[in-house]
1. Is one or more of the residues making up segment 141-162 open to solvent by 20 Å² or more (accessible area, probe 1.4 Å), modelled with pLDDT of 80 or more and outside any loop (DSSP other than H, G, I, E, B)?
2. Name the residue that is modelled with the lowest pLDDT, counting only residues in segment 30-59 that are out of contact with any strand residue (DSSP E or B) (no Cβ under 9 Å at 6 or more places or on another chain) and open to solvent by 60 Å² or more (accessible area, probe 1.4 Å).
3. I'd like the full set of residues that are buried (at least 19 other Cβ atoms within 10 Å of the Cβ) and more than 18 Å from the chain's Cα centre (by Cα), limited to segment 604-614.
4. Checking the structure you have, find out if any residue of segment 325-346 is modelled with pLDDT of 90 or more, farther than 22 Å from GLN414 by Cβ, out of contact with any Gly (no Cβ under 8 Å at 6 or more places or on another chain) and in a helix (DSSP H, G or I).
5. So in segment 219-243, with the set limited to residues that are among the aromatic types (Phe, Trp, Tyr) and under 14 Å from SER198 (Cα atoms), which one is nearest to the chain's Cα centre (by Cα)?
6. Out of the residues in segment 177-208 that are among the hydroxyl-bearing types (Ser, Thr, Tyr), over 15 Å from the mean Cα position of the chain (by Cα) and at pLDDT below 80, state the one that is farthest from MET262 (Cα to Cα).
7. For the structure I just gave you, tell me whether VAL624 is within 25 Å of ARG587 (Cβ to Cβ) and touching a strand residue (DSSP E or B) at 6+ places or on another chain (Cβ under 7 Å).
Amino acid sequence: MQLLLALTTFLLTSFAAALDDFEAKNAATGQVQFKVVDENHIKVLNYHLTRKNPPSELSYLKLSLHGVRVSEVHQTSNSSSAKNETQWTFHLSDNSNATLTIAERGEDQVTEYSLHWPGGQQNTFRRAVCLHTGYNDAHWYQTYQSESPSFPMSFTANVAPFPTAVGFSSPTSTSDVNSLAEYLFLSSDAFAVLLDHSMPLFMAKSSSASTDDPQLCFSVNNTYPYNSANQNASYLDIRMSFFTSSTTRNVTDWVVDRSGLMPKPTKIPSELLFQNPLWKIGSGGHVITEKSVMDFSMGIIKHGFPSKGYLFLNGWNEHNGGNFCNATMDFNRRLFPTPDQMVVNINRLGFSLSLQMDPTFHGNFHHLEGLLVKEVSKQEQQFADQCHSKILDFSNKETQEYLSILLRKFHYEQQLDNTHLNGFSFDHSAAQFFADEVVQNSPQLYTKLYIETVANASQVVLTNVGFRTQHLPAVVQLNPNGGKEGSVGWTSLGRLVANALSVSLGGYSFFSGGVIEAATVTTASGTSVDEELYIRLLQATTFMPVMSISEQPAPWRLSQKTQEIVKKYVDLHSQHSSLIVQLARERLQKGGRPIIRPLWYEFPEDLKAYSIGDQFMLGSSIIVAPVLEKGKRERTVYLPAGQWVDQHGRLYTGAKEIKVAAELEELPCFTKKTTV
């Protein structure tokens, strides 16, 4: 039997194998690729891993097939010289078959395992694939923005629709995934797990203290918020791929950059976006006017801030039905009597203007028949009736063309060259009423089509949503609250670095760390701005690709000390903008790497680096360690091997933790000393 299992022949074979410690091996190398442990568990092995812990044991990823038992294993095809693939079939207790196709990517030292488990019973969560994430004390990393992120991931009980984002949230959806959703997970043992984005996917994270066996589980279901009208069994197929390589960095780069399975950037945004702050006007729902916009624009220059950059404006247009309604694509002429002249004046000051918008249409809908979402839920209909608005259906190519023409016309009339996309609330129950069947089944693709449509009509796009939109030259604005609306606080500041690292690993390199705005503190003596939080948020985003500052309040309305600190870090960001632009250009190339990186990306052999989630690297040479807790005036920093120079020129030897002073005006950062 062992000779049959060696896979040393290139002939087509088919045989049943006993399940007791069954091993499948690579035909050329004899390395074990996977083991069937018992009727419920499979181990995918990573024999590429260069960092082995313990050294004598191979690293593996343990899988569970929930709801069924494995009864037999058959090899259904052998490696061929053309594809170097091997396929195995698992006979399951519900009379279905799952296949595992193994492909060796020899030139990249990557092995790909593609699992296909055909669809089962509708409206049930009995079928699931679970990853046992606790082996070898491995760390796992998500690549989406979360309201409650942890880097590495934490595992708590939670079952909900996976692709929830601003624009695809629902009352029952998870708070774990928000605004920016990608289906890639990474392990410190050099595994990557990529799920098919067309599945009606649900995710569960669980940890049992009694068994010490944390799990990350995936299931499919055509229930809310997905297309319940689709009764095809194939709609409920589970499709995912596992990748192994020598290091976590290598497997990440292969999936994100070289595999062709995820979108890649094709163009960088305007370099000015990386150089000077984006100024946000009209946040918080307060009324702004043409005069207040011009006063703020001139105030930027008057108080010594850079005289070039982007202003993005909220509250510029006419609202229908109240403050909570979406607005028209027309300037409110009571507040902005001469918008065309305002744009000219703003341009003369050196700024470009960006207007916040959403994908709804207001007013007379008769000429839009066929361009709107056909039906919405009761909750969404009540909102639409109150606001006299309809939702444009971007799965319809005619709708895409219509909005592109409308935007170009509006840009031309107002002398604009960019658009800020506003996140919006859209109920998943409308999924089956999209024009395009693909979007009906995968409503999260609406976000992708929405952003692509506007990108085709604008030179610059700013957005706070994303799904498979890494290829666009759009700046994604992260939310310190993880996508949840509300003012920033100390808790949300602590989430910022974790979310930045997560989305960066998912291929989103062009992002703002969030809008730097004031949080208020209420005491017995009244309400005041928490300037400590304001400063720490500013510092945390200084070395991120794009810096964004709110006019609530304008920095020059804060204390003199805070004004000086703000100017210091705006200047520091500008000083490093040439490096950021260089890294952005390199991101477009084959083998392009993220701009913001976790420590383990540059030091993949360093075990300690995999647990660091409150520091990040800009490129390969700068470590940033912001203070994320209220009242702290020192912090612990981990420095990997090498010589490191801090912001004051002090030299440190790495491969250890150090404690550094971090007064309110200080941002601990370290540059790697190079040997000439």
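The values are calculated or read from the model by the stated rules, or taken from the named source; none is laboratory data. Just so we're clear, the structure is a prediction, and the values are computed from it rather than from any experiment. Here Cβ is always computed from backbone atoms with ideal geometry, including for glycine, and neighbour counts include all displayed protein chains. Side chains are part of the model used for accessible areas, which takes the heavy atoms of the whole protein and leaves out ligands, DNA and RNA. Shrake-Rupley method; radii C 1.70, N 1.55, O 1.52, S 1.80 Å.
1. Looking through segment 141-162, none of the residues is open to solvent by 20 Å² or more (accessible area, probe 1.4 Å), modelled with pLDDT of 80 or more and outside any loop (DSSP other than H, G, I, E, B).
2. SER56
3. PRO604, ALA609, TYR610, ILE612, listed by residue number.
4. no
5. So the first thing to find is which residues in segment 219-243 are among the aromatic types (Phe, Trp, Tyr), and the list is 224, 226, 235, 242-243.
Next, from what is left, pick out any that are under 14 Å from SER198 (Cα atoms): 226, 235.
Working: TYR226: 21, TYR235: 25 Å.
Restricting to residues being among the aromatic types (Phe, Trp, Tyr) and under 14 Å from SER198 (Cα atoms), the top hit is TYR226.
6. Going through the qualifying residues, I end up with SER208.
7. Yes: the conditions hold for VAL624.
For (1) over 30 Å from the mean Cα position of the chain (by Cα); (2) at pLDDT 95 or above; (3) crowded, with 19+ Cβ neighbours inside 10 Å; (4) over 24 Å from LYS568 (Cα atoms), each residue gets a yes or a no:
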{"position": "SER621", "(1), (2), (3), (4)": "no, yes, no, no"}
{"position": "VAL624", "(1), (2), (3), (4)": "no, yes, yes, no"}
{"position": "VAL627", "(1), (2), (3), (4)": "no, yes, yes, no"}
{"position": "LYS632", "(1), (2), (3), (4)": "no, yes, no, no"}
{"position": "TYR638", "(1), (2), (3), (4)": "no, yes, yes, yes"}
{"position": "VAL645", "(1), (2), (3), (4)": "yes, yes, no, no"}
{"position": "HIS648", "(1), (2), (3), (4)": "yes, yes, no, no"}
{"position": "GLU663", "(1), (2), (3), (4)": "yes, yes, no, no"}
